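Note sheet for the following structure.
Every number in this text was worked out from the coordinates using simple rules, so none of it is lab data. What you see is a predicted model, and the numbers here were worked out from it, not measured in a lab. Virtual Cβ from ideal backbone geometry, glycine too; neighbours counted across all protein chains shown.
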Amino acid sequence: MLIAIDGPAASGKGTLARRLARHFNVPHLDTGLLYRATAAGLIDKGCRLDDVEKAVGVARGLALVDFDEARLRGREMGEAASVVAAIPAVREALIDAQRRFAGRPEGAVLDGRDIGTVICPQARVKIFVTAAPETRAQRRALELAGRGEKVDFADVLEDIRKRDARDSGRSTAPLRAAEDAAMLDTTLLDVEGAFAAALKIVQERAAVAS
Ligand code: DC
């Protein structure tokens, strides 16, 4: 069972991907962490986020384990990740590792921005998760506050809008739904509701495939 999940920042795709992976007992890769870790590596080396050569070096050297998630999931790193993710050579450097993960015999769940369009276009189950920007900002603000970050709702909403524009407007692998993706709007759904809706999509797709 290979499930490709895409969507904008704080749409709920990460939570959904984790739940689905647990339900089907397959590994999960949050591909945003790869871009976040690349950005963090550049910052740690004192390099600029647009230093293509250094960024590719950091991306190539990433191991898919041992991420310092507490640091990577902070607000600053989300923004920095969106900047390095717009560099085509960085995306290229991260493709193989993601495809290898997706090719595991037992299956996998991957979530990101280009999973259904670029990384695993062959996945039978593709879900594009959306939610209104204000709802996403509310969720992200709660999540950041829960991690002890000082947050202002207006700033978080502004971040979300900026990231949406950058992630959707870049020339390589922009955020968009694959033509055969099922759309899932989570604006009015809680975690359980979104999971139930996603499970229905998976079951429908699996039934068509068999
Ligand atoms: O999903 P996230 O918020 O952790 O992702 C951080 C940034 O990384 C996001 O703004 C865009 C980029 N990203 C990407 O371009 N492609 C992916 N598959 C995953 C994330």
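Where does the charge balance sit around residue 56 when Lys and Arg score +1, Asp and Glu -1, over other residues with C-beta under 11 Å from its C-beta? Mind dumping the intermediate values first?
Working: positive: 54, 60, 91; negative: 51, 53, 92.
Value of the local net charge: 0.
Fewest first, what order do 176, 48, 140 take by the number of other Cβ atoms within 10 Å?
Working: 176 15, 48 12, 140 22.
Least to most surrounded, the residues fall as 48, 176, 140.
If you rank 50, 185 by fewest surrounding Cβ atoms within 10 Å, what's the result?
Details: 50 12, 185 17.
Exposure proxy ranking, most exposed first: 50, 185.
Measuring from label point to label point, each 7 Å out along Cα→Cβ, what is the residue 161 to residue 145 span in nm?
2.1
Taking Cα pairs under 8 Å and at least six residues apart, what relative contact order does the range 1-111 come out at, in percent? Write out the running numbers ahead of the final one.
Details: 133 pairs, mean separation 49.7, N = 111.
After rounding, I find 45 percent.
What is the distance, in nm, between label points placed 7 Å from the Cα along the Cα-to-Cβ direction at residue 196 and at residue 152?
3.9
Could you give the distance between the Cα centres of the range 1-66 and the range 150-179, to the whole Å?
Answer, in whole Å: 16.
Multiply the residue separation of residue 188 and residue 23 by 0.36 nm, subtract the distance between their alpha-carbon atoms, and state the gained length in nm to one decimal.
57.1 nm is the gain from fully extending residue 188 to residue 23.
When the helix-only estimate is applied to the chain (DSSP H runs of n ≥ 4, each -39,500 (n - 2.57), divided by the residue count), what is the mean residue ellipticity at 222 nm, nearest 500 deg cm²/dmol? Walk me through the numbers before you get to the answer.
On the way: 9 runs with 113 residues, N = 210.
The helix contribution divided over the chain gives -17000 deg cm²/dmol.
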